[in-house]
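Please read the structure below before turning to the comments.
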Amino acid sequence: MIDKNKTKILLIDDNPKNLQIAMNILSSEGYKLIYAKDSEKGLYLAQNDDFDLILLDVLMPGIDGYTICTKLKNNPKTQDIPIIFLTVKDEEQDIIKGFECGGVDYVTKPFQVAVLLKRVETHLTLAQQTKKLKQLNQDLNRQVHDQVEKIRLKDQILFQQSKMVSMGEMIANIAHQWRQPLTAISAALVGIKTKVHLKKFDLKTEKGSKAFEDYLTKKFDDIQEYIDTLSTTVDDFRYFFRPKKDKEHFELQHIVDKSIKLLEEGIDMSSIKIIKEIEPITMIGLKNELSQVLINLLKNAYDAFENKSNQNAKEIKIKAANIDKTIHIYIQDNAGGIDTEVLPKIFEPYFTTKHQSNGTGLGLYMVSEIIQKHMKGHIYVENISYTIDNLTYKGVQFHIEIQGGV
Amino acid sequence: MLDYCDIFSKCEHLHALYVEDDTDVAQEVSEILNDFFATVTVVEDGEDGFEAYKLFYQNNNHYIDIVLTDINMPVLNGIDMSKKIRQLNPAQRIIILTAMHDPDYSEELKNLNIQYIIKKPIKTKDLLLTLSQASSNIIR
């Protein structure tokens, strides 16, 4: 409903008689009216005050009604005010021109009271509703924008967290790799001290001195070798985890082998048979990212076997093919499959079926993020049946589809 | 103050079995042990360790004096081997060598009543202290 007392209407007409009639009709309804007898003043008022509706004569000395209408429609401040033209004649051309320059309606003179009132009211209502809709739309847009921003921030935090997880895993891997060489170095040093303290070499004789010298030389060579192992480990990991974004040429087979090797540094895979059916494929793409994806998927399959200690045949099969430069990689296992309710959720962040100590729930999320965002590819998961020696097992298949085949 | 010669005099008549799967570590540690003990038998997994343990008994009519073992090994790990040994000889002196990054075996070690633990990487003081304690008052 329109609150007429709060509705301000501007009347622009050079004919005092017409003005008077329109004023009478509208004021009697309670509208607040302001009038202008010439177009210059009318334009000035329209631009400097706030009106809910404008009634505008077409033919006036000076600026005509169409020009005023065009000006008001081009001004953001006044463009939403509905303008109704007042025309003398009911001429089609005039009416069309009025609509073309932005008028919403027309009223022919002399005024018919009921028609004038009805049209004014209709356009006020329409304008009010349009304004409401616009406001609503703005609110909605702002809400959507806020939510999108929130999600983006959350995503960023998640990615940071998964990066920290990878870093944690990398450090754990290095620590694991370093354990034996560090122990060997420490033992070699304790060994040298022991020989000295127990006087195993008679340094007073030339023979004893020579033997001690030979012994020390040998020990130093050993220690050097252990240190080389430490250093190689760091280089290996730096090479694999360096955030290198350049695309490189590489052999898929090679990356698969490297990924398996890296994974085996951390966990004992000996109970699982790994079958590779990989075509010789040369790719161009993000090598390290692909390796991270493979490590995560293989680790996931490995974890799935955790509760299957009674199962004799445990297999992970890695298949790869290059079909029209699209690389399809399949990772299958026979570890029992994934519950159908759980299946759609496995790429969600923090979703995990594993015990807390085993999984952060970020592994598969990271995998899908890397594939979709960094590699512009797709990953699909489904339950499959897996046959070994005529025995059928349930299992899971991850299917990666990425570009980059050469 | 720990004295190498004191420990040597305690150990020089004793026999040790050392189980470790990493060849480098096995090489270095067995060199130290060889400087202290009369004999050192080195094997690379828990199953071979248990076999060597039984064989020593067959040949010598008494159990070997000290068993030193790593935990993480293929076939049979150090904990399970220690369980089997303790079933034969509850008084067996066992020294476990373990890395800090190994999974937490403290509960199992406590249940097995293993008193001697050397952390890897090896510190001279730890090794000497443990050898000194483990070789004291051995009764065959």
- prompt: Scanning for something within 14 Å of chain A (Cβ to nearest Cβ), among the aliphatic types (A, V, I, L, M) and in a loop (DSSP other than H, G, I, E, B), does the stretch B:56-71 turn up at least one residue?
  reply: yes
- prompt: Take the residues of the stretch A:272-319 that are under 28 Å from the mean Cα position of the chain (by Cα) and over 22 Å from residue A:163 (Cβ atoms): which is surrounded by the fewest Cβ atoms within 10 Å (Cβ to Cβ)?
  reply: A:284
statement: residue A:72 fails exactly one of (1) in contact with a Ser or Thr (Cβ under 8 Å, 6 or more places away or on another chain); (2) in contact (Cβ under 8 Å) with a residue 24 or more places away in the chain; (3) over 18 Å from residue A:123 (Cβ atoms), namely (3)
task: Test residue B:8 against the stated conditions and say whether it is closer than 22 Å to residue A:195 by Cα and within 11 Å of chain A (Cβ to nearest Cβ).
output: yes
- request: With respect to residue B:130, determine if the residue is of a type in the set (Ser, Thr, Tyr), surrounded by 15 or more Cβ atoms within 10 Å (Cβ to Cβ), in contact (Cβ under 8 Å) with a residue 24 or more places away in the chain and within 14 Å of chain A (Cβ to nearest Cβ).
  value: yes
- prompt: If residue A:284 passes every condition in (1) in contact with a strand residue (DSSP E or B) (Cβ under 6 Å, 6 or more places away or on another chain); (2) under 22 Å from residue A:336 (Cβ atoms) but one, which one does it miss?
  reply: (2)
query: Is it true that some residue in the stretch B:41-64 is under 23 Å from residue A:185 (Cβ atoms), touching a Ser or Thr at 6+ places or on another chain (Cβ under 6 Å) and at pLDDT below 95?
result: no
- prompt: Considering only the stretch B:13-43, how many residues are of a type outside the set (S, T, N, Q), surrounded by fewer than 20 Cβ atoms within 10 Å (Cβ to Cβ), more than 10 Å from every other protein chain (Cβ to nearest Cβ) and more than 11 Å from the chain's Cα centre (by Cα)?
  reply: 2
Checklist (1) modelled with pLDDT of 90 or more; (2) surrounded by 19 or more Cβ atoms within 10 Å (Cβ to Cβ); (3) under 22 Å from residue B:120 (Cα atoms) applied to residue A:201, failing item: (3)
- line: Of the residues in the stretch B:53-73, those that are hydrophobic (A, V, I, L, M, F, W, C), closer than 13 Å to residue B:88 by Cα and without any contact (Cβ under 8 Å) to a residue 40 or more places away in the chain number 1
Residue B:93 vs. criteria of a type outside the set (Val, Ile, Thr) and surrounded by fewer than 20 Cβ atoms within 10 Å (Cβ to Cβ): no
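The values are calculated or read from the model by the stated rules, or taken from the named source; none is laboratory data. Just so it is clear, the structure is predicted and the values come from calculations on it, not from any experiment. Virtual Cβ from ideal backbone geometry, glycine too; neighbours counted across all protein chains shown.
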